[in-house]
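What follows is a set of notes on a single structure, which appears directly below.
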Ligand code: FES
């Protein structure tokens, strides 16, 4: 089993947004809905995925540990059809929502990298 990655603090990245940057307003996302969030700094791209389930939000770096592609190849869908797991559209790896651990597919045992955030007044901000 691979080691769980450390939580990514966006402000620590070169060109990353400072702590407290608005990532997404929750009213933009339906229950069980997802949203991709992109930051640009010159040529550098920082891609995140935000997934809501019930009253919980989860944010991961939108990069599959198998081949580095975004989990969603198009649209804002990140979950399997039954809503149980995050799924990578490239080769079908499935990840737990709570830990980002791959339980099925070519990177089984590996993890998505969690992103630090805080929820405040109906929105998610970088932490
Ligand atoms: S790139 Fe995600 S499963 Fe291969």
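The values are calculated or read from the model by the stated rules, or taken from the named source; none is laboratory data. Note that the structure is predicted; figures quoted are calculated from it, not measured. A quick note on method: Cβ atoms are made from the backbone with ideal geometry, for glycine too, and the neighbour counts reach across all protein chains shown.
Just checking, does region 81-93 include any residue being within 24 Å of residue 127 (Cβ to Cβ), within 16 Å of the ligand (Cβ to nearest atom) and either in contact with a strand residue (DSSP E or B) (Cβ under 9 Å, 6 or more places away or on another chain) or modelled with pLDDT of 95 or more (or both)? Yes: one or more hits. Return a yes/no flag: does region 57-67 have any residue that is farther than 17 Å from residue 5 by Cβ and more than 12 Å from the ligand (Cβ to nearest atom). Yes: region 57-67 contains one or more residues that are farther than 17 Å from residue 5 by Cβ and more than 12 Å from the ligand (Cβ to nearest atom). Of the residues making up region 94-107, those that are within 13 Å of the ligand (Cβ to nearest atom) and not in a loop (DSSP other than H, G, I, E, B) are 94, 95, 102, 103, 104.
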